[in-house]
Structure formats: C-alpha cells, structure tokens
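Structure first, then comments.
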Amino acid sequence: MSTQFVQAVWGGVLFGSVYGLMALGLTLVWGAVRLLNLAHGAIFIVGAYAAYWVVAFLHLPILIALPFGVLFAGAFAYAMHLVFIRPVIGKPGFDNSTLVATVGISIAVSAAALLIFNPEYKVVPPVLSGSTIVAGVQITYQGLLVIVTSLALFGLVYAFLSYTRQGMAIRAVSQQTEAASLMSIPVVQTYGLVIAISGALAGLAGVLLAPTFFLNPQSGFNPMIQALIVTIFGGLGSIRGALVAGFVLGIFESFVEVFYGVSWAQPGVFILIILMLIVRPNGLFGIGEVRRL
Amino acid sequence: MNAGALAPVAAARAAVDQAAAPWRRVPRTAVGGTVVAGILLPLVLTRISIGDYVITLLILFFMQAVVAQSWNLIMGYGGIYSFAQVALFAVGGWTTAVLSHSLGWNPFISILFAPVVALLAAVGIGLPTLRLRGVYVVLLTLAFHQLARVFAVTGPRFISGGGYGLVSVPTFQFGNAIGEQRLLYLYYLAMVIFVIATFAIWRVIHSPLGVAVTALRDSETYGVSRGINQFRIRLILFAISAFFTGLAGGYMTHYNGGISTSVFDFPRLIDLLAMIVIGGWGTFAGPILGAGIIIGLDQYLVAIGDYRALLEGLILAFIAVFAPQGLWPLIRNTYNKYLGPEPPAPPAAVEQPTPDLGATPESSGGGA
C-alpha cells in the first residue's frame, strides 16, 4: 500500500510539474494573444531535438545543450510568430487562420524531425543522474530537478509579469489591447515576446523531459494534449490555474495509473475534464472574459 | 423570416429573391451534365488500360469528398472547431463492421446502421461539448478522438480484433458480379452516396438552418439576440455532419473489407483538413475541389515519400495565413467574370429606392 501510494504521489508531482510547465506557455499565449497554439507540442520537440543534436553530434555536455535547446525553441517560436501569426493579427479570420496554421506547423515539424533524424527513439542524457530510494520508490534526481525548475519558473514568470516593464506591458495588452496600444505599448512586439517566452518554456520542458519520455517525431502530441487539458482545467489564461491544475491532474492521473492500470489514465483524465467543464465552464480559476493573467 | 404577411408584400418579395438569393439560380445544365458525365465516365474508363485504377481513385475521391464536406459543414459554416470527424468516420466503420463481421449481417443492411450510430455518437459528444466556446470544443473533440482510438485498440476482442482493427469484414457483393463489373457497381454506389450527401448538404446550407448557422458564425452576439438557439442549431448541424461521415465510414469499411486502427492516425485528419483549407474554408464546393486536388496530387507525391507531410504542413500553414479563402473563390470569380450568366439587374434600381437593404445585391457573390 504505502509503496504504491508513494509511487503515485511521486509520479503525480513529477507529471504535474511538467504539465504545469507546458501549460504555462499555452496559457500565457492564450491570455495575451488569444491564440490557441496547437504547435506547442512541436516546439516542445524542437527544443528536445536541438539539445539532442548538441549532445550527439557536437559531443558537448548536457549543461550546454540545455540552454541551447531552450533558446532554439524560443527562437523557433518567434520565427513562427513573424511568419505565420503577425500577418493575420487583427484580421477577421484570426481564429481560423492561426488554428489551421499551427496545426500545419506541427505537422511540418514532425515531418522535418523524421527527415533530419529518424523515427527511432532518441535518448537525451539527464542533467542530473543518480537516484535515491524512498519507501521503496526510486526517486531520480532529474525528476527532483524538473519539479524544482518548474516551481521556480512559475515564480519567475509571475514576478516577471508583476514587476518588470515588459511583464506589465504583457498584462496590459492581455487585458485591454486597444487601451494598451493607446498608451504606446508596442502590441505586436509584445505578442512576439510572449510567444518567444512560451516557446522557450516548451523547449525547456522538452529538454528536461526527454530523458524520461524518450524522443521521437510524434512525442510532442501527448504532452500538448495534456497541457491543453491542464490549461482548460485551470482556466484559460490563468497562471495560478495552470500551476494548481497541473498538480491536480498529474496526481489524479498517477493514482489512476497505479491503482487501475495505465490504459485508464487518459480516459480518466478526459472524464474528469468533461465533468469539470459541466460544473465550472470557465475552469478552476477561470476569470471570464474581462480579467486575464 | 415568416412570410405570413400581406399578398402584395409577398409578391414584391418574390421579385427581390432572385438577386438576394443567388443560390436559387442553379445552373441546371452544369449540374445535370456533371451527373451524366459521372454516370458515363466509368463506362469509358473500363475500356482503357489504367481505367480501373482511375475508377478506384474516383471512389476514394467520392468518399473523401463526403467526409470533407461534412467537416466543412460544421467547421467552415458552423464555426465549430471539431476534430472528432475521423473518430465519427471510424464509429460508422466499426458499427457496420461489427454487425456484418460478428453477427453475419448482409453488408447492405448493416451499412444502414453506420450513419445512425455515428449520429447518436455525435449527439453524445455534442451534448456536453457544443455549449462551450471554440477552444474547449477543440480539446474535447480531440479527447474523444483519443478515447475512441484507445477503445478501438484495447477494447473487447470483437471490436479491437486484437489491437489492429477488424480484418476480413465482408465486402459488398452484387450478385455474381466480379472484377470490372463489380468495380462498376461499387463506383455507382459510391457516386449515389456522394450525390445524396452533396445534395443534402447543399440543401442544409441554403435552408433557414444554414442561414442561422452562418449568422452565428459571423456575429454570435447578434445572431443570439435575434433569437437563434445556438446550442440547438449547432447540435443539429453536428448530427447531420456525423450522419454522412458515418455513412462514408461504413462504405469504406466494406469497400476495403476491414477497418484498421490506423484510421485514427493524425495524417488522416490532416489530409481532410488540407482538403477543406486548400479548396476553400466555408464554401460549398471548396471541400469537393480540395478532395480532388489532394487525391490527385497524392499519386505524384508518393514519390517524394516523407517530404509529403512536410510539404503538406507548410502549404496548410501558408494558405491559412496568406490565402485563407482557398482556391474555390478564385475559380468561382474567374468563372463569373468570363463565362457565368449575366447577373440579374439590381432590383433596388427598378422600383422604389429602398434605403439600404438591397443596395448592393450583385456584390454579394453568393454564400456558396
């Protein structure tokens, strides 16, 4: 009992922090740009593959590969913003266009990953190796690092949004775009900044998770679906919601997995989210349409 | 809406309708000619060497076009970002497969249940989903897609067939017809399904239901405040779309003699999306055109193998951003400019100067 219980809690906290990290990027972009970024999973693998490339082909340590992967993912997201998002900002078909465009990008990225690397699973070395045993459950140091990093990033992003000029600009744009632009806040550049930050977060999640989940051209899809669920569960555009919902869903999924079997984990989460939406259509911390972030 | 008004008003309306409702001007000769060509074409094709192959492509085209049109009906017209279309296709396919495979029913009987069960499934998804806004619909329909896949792979043996889907499902048999003769029958069956679906969707789009849907898509607040029950309209539309998708799924299952869990693969969904986007999102003929283009191009794209998905993704993204209208409006405008019938004279100029209602009827190039 107790081993299983510890197992479930550990897995849940680990998954939860990762889902939170992915969801943080999604929720930022939704809150500020009102863009449902279905290419988020693609950016996740862009970061992971970039780190893999540095490790496998340049033979550099993972500590150099990690920032490279993060920056590369951020740059990729910014490039996506320049080419595909910026031309349609403020146009009537923004929703349709960006939805289809981000789906197209995610397909193209998987295909490119398949062509450049190959369909085999890649192994990215963990930043920290080694583990310890607590109550019969193996606790990896990499896992602890993931949890600490993601909590720290939540704090960092929160502080960034609350206290820096750029962060305040992002909040202003997400609350009242027109008023913000009247206050001479460069709205489109702010969008780009948010998308780049979100991409960097996804890339970080990718690099940190690759040792646990392995990496192949399709492996961005499931984390993205989970992040979407977390985002919606917590309330679209709410950072606190993403954090809490990440842990709630991670622990829920982990308990279902440990006590009912792996095949029930995803259906269980889906059923939970459907019930949630019936009870609270705006999510856990959904704040409606007026105030976001 | 309700024309329960005085007779003179009704008479005046009838005169306006011609221009205000361009869809009433159906090019009968063009439609009739296309149908006759569709009937005669395979008879010609069987006489040339690659004809059989072209007929199988046409069958594929008919079915893909049915699914793409149904999806466009809810996505392009309805503005419901549903990604459950492939799952509903699979629901139809599995229904008829199980009925004919496990219970030994005649495929012609069991296929009738495919659209019905798909419709019921759609109502089941729609009830919790369609009250919500776009983003939530994306998530929940993707969730349904994933759930259906998990169920198809790990479900009971008579559904999962051990994890790969159902093989050795009975195919359509037309008496003793074999080979080319049977292919002809299959072609005509596919064509009948295509024609029925196309006609039904055309009717739906140009009915009060379709007008209400378009109104909701273009201005939700205004549509709702004019008394349109958004949830009900969306649910009906979703059900209609699922009906024809399920029918196409049933046909393809018996055509292929089985249904594999690979129908849930993401590229299938992307192919359908590409048909709609390339052909013309929210236009009537766009998905049909798109299905033709994708299936036609596919024969050449096989050669480039893995680059196909890369190319498709990029084309999708570029068209969505830089030419969101797709190809169909381009073709239609060219046709109207050089070959089309003369647009009827603007009625506003004929009698009394109505303030602003019928001001520019000829500029509304039709909702189609």
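The values are calculated or read from the model by the stated rules, or taken from the named source; none is laboratory data. Note that the structure is a prediction, hence the values are computed from the model and not measured. All Cβ positions, glycine included, derive from the backbone under ideal geometry; neighbour counts span all protein chains shown.
Looking across B:Phe244, B:Phe284, one residue alone is of a type in the set (Phe, Trp, Tyr), part of a helix (DSSP H, G or I) and farther than 21 Å from B:Gly155 by Cα. It is B:Phe244.
Is it the case that some residue within the stretch B:151-159 is among the β-branched types (Val, Ile, Thr), closer than 25 Å to A:Ser263 by Cβ, within 11 Å of another protein chain (Cβ to nearest Cβ) and not in a loop (DSSP other than H, G, I, E, B)?
Checked against the condition, which is being among the β-branched types (Val, Ile, Thr), closer than 25 Å to A:Ser263 by Cβ, within 11 Å of another protein chain (Cβ to nearest Cβ) and not in a loop (DSSP other than H, G, I, E, B), the stretch B:151-159 yields at least one hit.
If you filter the stretch B:115-136 down to residues that are in contact with a helix residue (DSSP H, G or I) (Cβ under 7 Å, 6 or more places away or on another chain) and part of a loop (DSSP other than H, G, I, E, B), you find that the one that is surrounded by the most Cβ atoms within 10 Å (Cβ to Cβ) is B:Leu130. For A:Gly235, the criteria (1) at positive phi; (2) within 11 Å of chain B (Cβ to nearest Cβ); (3) touching a residue at least 40 places away in the same chain (Cβ under 8 Å) hold in every case but one, which is (2).
What are the residues in the stretch B:146-179 that are on the phi > 0 side of the Ramachandran plot and loosely packed, with under 14 Cβ neighbours inside 10 Å, if any? Before the answer, list the steps.
Looking only at the stretch B:146-179, we keep the residues that are on the phi > 0 side of the Ramachandran plot, and these are B:161-163, B:165, B:168, B:175, B:179.
Listed by number, the residues that qualify are B:Gly162, B:Gly163, B:Ser168, B:Gly175, B:Gly179.
Of all the residues in the stretch B:79-112, those that are out of contact with any Phe, Trp or Tyr (no Cβ under 9 Å at 6 or more places or on another chain), of a type in the set (Ser, Thr, Tyr) and closer than 27 Å to A:Thr98 by Cα number 1. Taken together, the criteria exclude A:Phe84 from residues that are more than 14 Å from every other protein chain (Cβ to nearest Cβ) and either surrounded by fewer than 18 Cβ atoms within 10 Å (Cβ to Cβ) or not β-branched (Val, Ile, Thr) (or both). For the stretch A:87-109, taking the residues that are out of contact with any helix residue (DSSP H, G or I) (no Cβ under 6 Å at 6 or more places or on another chain) and at the interface with chain B (Cβ under 7 Å from one of its Cβ atoms), the one that is farthest from A:Leu209 (Cα to Cα) is identified as A:Gly93. In the stretch B:220-255, the qualifying residues are those that are over 22 Å from B:Phe284 (Cα atoms) and touching a residue at least 12 places away in the same chain (Cβ under 8 Å), and the one that is surrounded by the fewest Cβ atoms within 10 Å (Cβ to Cβ) is B:Phe231. Scanning the stretch B:319-333 for residues that are surrounded by 20 or more Cβ atoms within 10 Å (Cβ to Cβ) and either outside any helix (DSSP H, G or I) or at the interface with another protein chain (Cβ under 10 Å from one of its Cβ atoms) (or both) yields B:Ile319, B:Ala320, B:Val321, B:Pro324, B:Gly326. Across the stretch A:116-150, the number of residues qualifying as surrounded by 15 or more Cβ atoms within 10 Å (Cβ to Cβ) and assigned to a helix (DSSP H, G or I) comes to 7.
In summary, A:Ser219 fulfils each of the numbered conditions (1) of a type outside the set (A, V, I, L, M); (2) surrounded by fewer than 20 Cβ atoms within 10 Å (Cβ to Cβ); (3) under 22 Å from A:Tyr19 (Cα atoms); (4) touching a residue at least 60 places away in the same chain (Cβ under 8 Å) with the single exception of condition (2). Regarding A:Leu128, is this residue modelled with pLDDT of 85 or more and either touching an Asp or Glu at 6+ places or on another chain (Cβ under 9 Å) or more than 8 Å from every other protein chain (Cβ to nearest Cβ) (or both)? Answer is no for this residue.
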